[in-house]
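Sharing a structure here in C-alpha cells format.
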Amino acid sequence: MTGERDRLLADAVRLREDGRREEAKERLLALCERFPLDAEVAYQTAWVHDTLGLEAEAVPHYVRAVEGSGLSPDDRRGALLGLGSTYRVLGRYPEAVTTLGDAAAGFPDDAALKTFLAMALYNTGRARDAMEILLTLLAATSQDPDIAGYRPAIEHYAKDLDATM
C-alpha cells in the first residue's frame, strides 16, 4: 500500500508542478480520502489548494499536516509557512502571528518565516515589532555594500527606531 501511495502522491505533485493544478487537486483529494491521517498527503493537498487561490479550503489540510506526524523538517517548515501565510491572506491575523511566530522560533534561521511573520505583525497593528524583524533581517542578509556599510546602525535602530546614536 505504501508503494502505491508514494506513486500516486508523486504523480499528483508532478501534475501540480506541471501546471495541471485542477487535476492534481482531484487526485490529492482522493488520496486524502484513502489516507486521512497522512500528513504529507494533507500538506500537498493544502499546497495545491493555495496555488489555485482556494485559501479557505487549504486551511484544514494545512492544519491536519502540521498536527500530524511524518513530515520532513523542510516540509513541516513549508506547511507552517503556508498555514500562517494563508491565515494572513484570509484576514485571520492573530492566528497568522501565532503560527508564524511559533514556526520562526522553531526554525530561527528561516528568513521567509520571519518575513511573513513581520507582515502578519503589521496587520495586527504591531508595526514596531514588524520593523524590528525586517531591519534585523536586512542587516544580516543583505549583500548590498551600501546596506552592509551601515549594518551596525541598522541593527541598533532595529531594536529601537526612536533611539539616537
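Counting only residues that are without any contact (Cβ under 8 Å) to a residue 12 or more places away in the chain and in contact with a helix residue (DSSP H, G or I) (Cβ under 8 Å, 6 or more places away or on another chain), how many does the range 99-125 have?
Count: 1.
Quick check on the range 49-78: of everything there that is assigned to a helix (DSSP H, G or I) and small (Gly, Ala, Ser), which residue is farthest from residue 27 (Cα to Cα)?
Per the stated criteria, the residue is 78.
Let me ask another. State all residues of the range 1-24 that are of a type outside the set (Asp, Glu) and without any contact (Cβ under 8 Å) to a residue 24 or more places away in the chain; if no residue qualifies, say none.
1, 2, 3, 7, 8, 10, 14, 15, 19, 20
Counting only residues that are within 27 Å of the chain's Cα centre (by Cα) and aromatic (Phe, Trp, Tyr), give me the helices (runs of 4 or more DSSP H) lying completely in the range 111-165 with at least 2 of them.
111-123
I've got another one for you. Which residues, counting only those in the range 1-19, are surrounded by 11 or more Cβ atoms within 10 Å (Cβ to Cβ) and within 13 Å of residue 30 (Cβ to Cβ)?
5, 8, 9, 11, 12, 15
Out of all the residues in the range 25-42, is one or more in contact (Cβ under 8 Å) with a residue 12 or more places away in the chain, under 17 Å from residue 71 (Cα atoms) and among the small types (Gly, Ala, Ser)?
yes
Moving on to the next point. Hey, does the range 145-152 have a residue that's out of contact with any Lys or Arg (no Cβ under 7 Å at 6 or more places or on another chain) and among the charged types (D, E, K, R)?
The answer is yes, given that some residue of the range 145-152 is out of contact with any Lys or Arg (no Cβ under 7 Å at 6 or more places or on another chain) and among the charged types (D, E, K, R).
Return the residues of the range 89-108 that are farther than 19 Å from residue 51 by Cα, of a type outside the set (Phe, Trp, Tyr) and in a helix (DSSP H, G or I); say none if nothing qualifies.
Within the range 89-108, 94, 95, 97, 98, 99, 100, 101, 102, 103, 104, 105, 106 qualify.
Which residues, taken from the range 82-111, are surrounded by 16 or more Cβ atoms within 10 Å (Cβ to Cβ), among the hydrophobic types (A, V, I, L, M, F, W, C) and touching a Ser or Thr at 6+ places or on another chain (Cβ under 9 Å)?
83, 96, 97, 100
No value in this document is a laboratory result; all are computed from the given coordinates. Bear in mind the structure is a predicted one, so any value in this text is a computation, not a measurement. Cβ coordinates were reconstructed from backbone atoms using ideal geometry, including for glycine residues, and neighbour counts include every protein chain displayed.
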